[in-house]
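Structure record follows, encoded as structure tokens.
The values are calculated or read from the model by the stated rules, or taken from the named source; none is laboratory data. Just so it is clear, the structure is predicted and the values come from calculations on it, not from any experiment. No Cβ is skipped: glycine too gets one built from the backbone with ideal geometry, and neighbour counts run over all protein chains shown. SASA here: full protein model, heavy atoms, side chains in, ligands and nucleic acids out. Shrake-Rupley method; radii C 1.70, N 1.55, O 1.52, S 1.80 Å.
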Amino acid sequence: MVVSLEYQGVLRDAFAEVSRFRTELYACLTARRDALFELRDALLCTDGPVRTLVDLALAPEHRRGHGSLYDGLNQGRIDVSRLRRALAGMPLPRAADGRIVLAADVSPWLRIRELVERLVAAGQWKLGDPKVLVVLDAGYDAPRIAHLLNDLPVEILGRLRSDRVMRRPSPPRVYTPKGGRPPKHGGELVFGDATTWGTEQAVTVTGTRLYGKATAQAWDRLHPRLTRRAAWIDHDGPLPIIEGTVIRLVVEKLPSGGVNKPVWLWWSGTAATAGDVDRCWQSFLRRFDLEHTFRLFKQTLGWTKPRLRSSEAADRWTWLVIAAYAQLRLTRPLATDLRRPWEKPAPPNKLTPARIRRGFRNLRTKTGSPTRAPKPSKPGPGRPPGSKNRRPATRREVGRVLATGVAYTRPAHHKVGTKPRRAG
């Protein structure tokens, strides 16, 4: 009986959280709110992946015509700042030590800063909590990001290329009769030359289900040697020394059967223990869950399917997709596994967003909708038959742009139809 009461309490709290988010989302829609909100519900209740945008108007949850669907995207308004605060205040999944882990793939640095500030403002991080861990893939300058965000409660973990060279701390100054300036950098650690590695500060060996035996080595207080170019060309004052921990991860096998090359990581923390090393490389491997999220956005929710004519409409569609995914996460405790006959059963707390979406139509009837009933109306007369279109749609150049800023056009002899035909 106690377990039943606890379970009922969990369901009641989950329903309250879902209802609260739906009400706040409706308040974030400042123009064409009914059309945008019902479009978002149709996105969640449609069976199967989204193929075209206009098909969502056929869903029973979208009580308006297809014209209002496009009108909502083209003429609607979304209070993005308020929606961001609402998303930051949602319950967040955390690591085993209670830490928030953020995986960045295409976010600029300043957006990371704004996201962390919103999480702190929403009470997701408090003084005394473990620092937020930001996991980056290879295309980012992890030491520079750590330098830019050193005033925030974050730790940076990023993958490095296998041809990088790091420097050790400068050796203690030794007095010499000749004098001279003491060295700023110590010896080199070349990733591709094992003779330069020296003794590790920590080594861990862990057995995994997918990768077999995983061996991690860590070297403490290593930093890149910065030069005044690229992002540091306008830096005022001496270039900083950004120390961190370099981790080399080698696994026994890959699930795909490919070549298991070593992975080099840089962590902004120092004096890493064996627990820190394991936490870092395991968090990096979990970063690849982000790829599944993007695949869900594109293949199931149809993020890239609409061909909208303005960037503002595309942004509104993107925010609706993000809000739909957020509501799928909130309804996980309430969802029932409506699996296909060939699919394996999954526990309620392990349902994928695609499986949760199958039963969202049943949950929507219990949470209610803040939208108003559509008003009956007649379609407009439209353009008279035979008349010309006086307001053609704006067309934008989407091809290459030259260094002069002029759009590239194909030369006349490269156009279709100029290729000589075979004679004889």
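When the chymotrypsin sites (Phe, Trp or Tyr not before Pro) in region 289-342 are filtered for DSSP coil states and for at most 12 other beta-carbon atoms within 10 Å of their beta-carbon, the remaining sites are W342. Within the shell defined by Cβ-Cβ distances under 10 Å, the residues around C28 carry a net charge of +3, with Lys and Arg each +1 and Asp and Glu each -1. Counting only protein heavy atoms and a 1.4 Å probe, region 7-48 has 40 square angstrom of accessible area per residue. For the set H62, H292, the ranking by accessible area, highest first and with no ligand, DNA or RNA atoms included, is H292, H62 under a 1.4 Å probe. Highest mobility in the GNM of the chain, judged by mean-square fluctuation with C-alpha springs under 10 Å and restricted to N260, N74, N150, is found for N260. To the nearest 10, the accessible area of K261 is 150 Å² with a 1.4 Å probe. Please identify every one of the chymotrypsin sites (Phe, Trp or Tyr not before Pro) in region 158-235 that sits in a loop by DSSP and has no more than 13 other beta carbons within 10 Å of its own beta carbon. The qualifying sites are Y175. For region 208-270, the solvent-accessible area of protein heavy atoms averages 54 Å² per residue (probe radius 1.4 Å; ligands and nucleic acids excluded). The residues of region 320-385 expose on average 67 square angstrom of accessible surface per residue, using a 1.4 Å probe on protein heavy atoms. Of the solvent-accessible surface of the chain, computed with a 1.4 Å probe and all protein chains present, 54% belongs to carbon and sulfur. Note on R229 and R99: their simple-model spin labels are 3.4 nm apart, each label 7 Å out from Cα toward Cβ.
Taking every C-alpha pair closer than 8 Å and separated by at least 6 residues, the mean separation divided by the residue count of the chain gives a relative contact order of 17 percent. Would you work out the relative contact order for region 71-209, in percent, from Cα pairs under 8 angstrom that are 6 or more residues apart? In percent, rounded to a whole number, it is 16. Of the trypsin sites (Lys or Arg not before Pro) found in region 232-295, not one falls in a DSSP loop while having at most 10 other beta-carbon atoms within 10 Å. In the chain, the calculated helix contribution to ellipticity at 222 nm averages -10000 deg cm²/dmol per residue, counting -39,500 (n - 2.57) for every DSSP H run with n ≥ 4.
The overall shape of region 172-315, judged from the alpha-carbon gyration tensor, is oblate: a/c is not under 1.5, and a/b is no greater than b/c. Which shape class, rounded, prolate or oblate, goes with region 259-351 when its Cα gyration tensor gives a ≥ b ≥ c as root eigenvalues, a/c under 1.5 marks rounded, and past that a/b bigger than b/c marks prolate? Judged from the Cα gyration tensor, region 259-351 comes out oblate (a/c at least 1.5, b/c at or above a/b). Oblate is the label for region 44-96, because the ratio a/c of its alpha-carbon gyration tensor axes (a ≥ b ≥ c) is 1.5 or higher and a/b is not greater than b/c. The modelled label-to-label distance for the pair E343/R51, using points 7 Å beyond Cα in the direction of Cβ, is 2.0 nm. For the chain, excluding the exposed loop sites themselves (GluC sites (Glu not before Pro), DSSP loop, at most 13 other Cβ atoms within 10 Å), the longest remaining stretch covers 1-251. The candidate values are [x] 0.98; [y] 1.05; [z] 1.01; the one derived from this structure for Rg/Rh (Cα atoms, Kirkwood Rh) carries the label [y].
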